[in-house]
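Contents: one structure, followed by commentary.
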Amino acid sequence: MNARIEWTRHDDGVIELQLTRADKMNALDPAMFDALIEAAERLRNDAGARAVVISGRGKAFCAGLDMQSFERMDQGGAGVLGEGGAGADLLVRTHGLSNAAQQVAMAWRDVPVPVIAAVHGVAFGGGLQVALGADIRIVAPDTRLSVMEIKWGLVPDMAGMVLMRELARTDVVRELTFTGRIFSGEEALKIGFATRLSSEPLADALRLAHDIAAKSPHAIRAGKRLLNASLSHSAADMLLAESVEQQALIGSANQTEAVRANIERRAPKFAGV
């Protein structure tokens, strides 16, 4: 892991990722883009991971694209991607359906376990889109958030259009996109961008992650696969997918252990994936 992210593995399989560019409010620069994508790629193949928490060190979750990248745009440069090794052509699909910038947010969908964003301070522009890519967002009430791209003459392009429309009404997404206005964590909860509010989002995110880590890892991963599929599949496809996942779980070692532990009123001892 490069210097932009600190990686902490807890004994129960909870993985804590903290953005460490605190002096710049964890703004996105080429190294941060690379670090986020690298972290997600590592987690895709981490059989021991049970849940992931993403947070920002210092005063903010993430202030969005850093000022030097905007200055390069003003000079006719490629912005953040030009130095990140991802290529300047945004039309090139470097990661499946996504380009590299979009993958910074979409990659958390590919992580097979739940990803929780603990959001405080500010989440502007690309920083907001990184948070929206998580499965769950625990947000401090006084957090300042913004779909800020319009301020720079741009549109959300880190998968924001896909992620926002899943969470909020279309007219709300339009208003935020067209104005770039700053809104609070309390408003984020009302419109659907926040899952819950907390005065201590990181502590509560970790508590939730540890709770998830205590559940059957096979069932948790199956649940995330189904929830991801539900975003693009038809009802018929989803009904069949539910049956496929459930049939594989029924009678499996971790499923029978869950039943026995409940009957015997003890903590379950689940096998790894």
* Asked: Under a GNM of the chain (C-alpha, springs under 10 Å), which listed residue has the highest mean-square fluctuation: LEU226, LEU128, LEU19?
  -> LEU226
* Quick one: if you stick a label point 7 Å off each Cα along the C-beta vector at LYS59 and ARG44, how many nm between them? -> 3.6
* Structure fact -> The exposure ranking of PHE183, PHE270, PHE124, fewest beta-carbon neighbours within 10 Å first, is PHE183, PHE270, PHE124
* Asked: Using a basic spin-label model with each label point 7 Å from the Cα along Cα→Cβ, how many nm lie between LEU90 and THR177?
  -> 1.2
* Return, for the Cα atoms of region 217-263, the radius of gyration and Dmax in Å, separated by a comma. => 12.2, 38
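Set the Förster radius R0 to 30 Å, insert the Cβ-Cβ distance between VAL155 and ASP11 as r into 1/(1 + (r/R0)^6), and round the FRET efficiency to 0.05.
On the way: r = 43 Å, r/R0 = 1.44.
E between VAL155 and ASP11, to the nearest 0.05, is 0.10.
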* To do: Show the residues, 5+ positions off or on another chain, whose built amide H is closer than 5 Å to the amide H of ASN99.
  => THR94
* Among GLY58, GLY121, GLY96, determine the one that fluctuates most according to a GNM of the chain built with springs between C-alpha atoms less than 10 Å apart. => GLY96
* Compute the Cα gyration tensor for region 112-159, then decide on rounded, prolate or oblate, letting a ≥ b ≥ c be the square roots of its eigenvalues: rounded whenever a/c is under 1.5, prolate when a/b is larger than b/c in the other cases, and oblate in all that remain. => oblate
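Counting Lys and Arg as +1 and Asp and Glu as -1, each charge on the Cβ, what is the dipole of region 5-213 about the Cα centre in debye, to the nearest 20?
Details: 21 positive and 28 negative charges, 77 e Å.
Dipole of region 5-213, to the nearest 20 debye: 380 debye.
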* Asked: With a ≥ b ≥ c the root eigenvalues of the C-alpha gyration tensor of region 5-213, is it rounded (a/c under 1.5), prolate (a/b larger than b/c) or oblate?
  -> oblate
* Asked: Pick from LEU231, LEU167, LEU202: which is most flexible by mean-square fluctuation in a GNM of the chain where alpha carbon atoms under 10 Å apart are linked?
  -> LEU231
* Hand me the GluC sites (Glu not before Pro) from region 184-270 located in a DSSP loop with no more than 16 other Cβ atoms within 10 Å, in residue order please. => GLU264
* For LEU167, net neighbour charge (Lys/Arg +1, Asp/Glu -1) across residues whose Cβ lies under 12 Å away -> +2
* Whether region 97-203 is rounded, prolate or oblate, judged on the alpha carbon gyration tensor where a/c under 1.5 counts as rounded -> oblate
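Every read-out reported here was derived from the displayed coordinates using simple, explicitly stated rules and does not represent laboratory data. Keep in mind that this is a model prediction, so the values were computed, not measured. Positions of Cβ are backbone-derived with ideal geometry, glycine not excepted, and every protein chain shown enters the neighbour counts.
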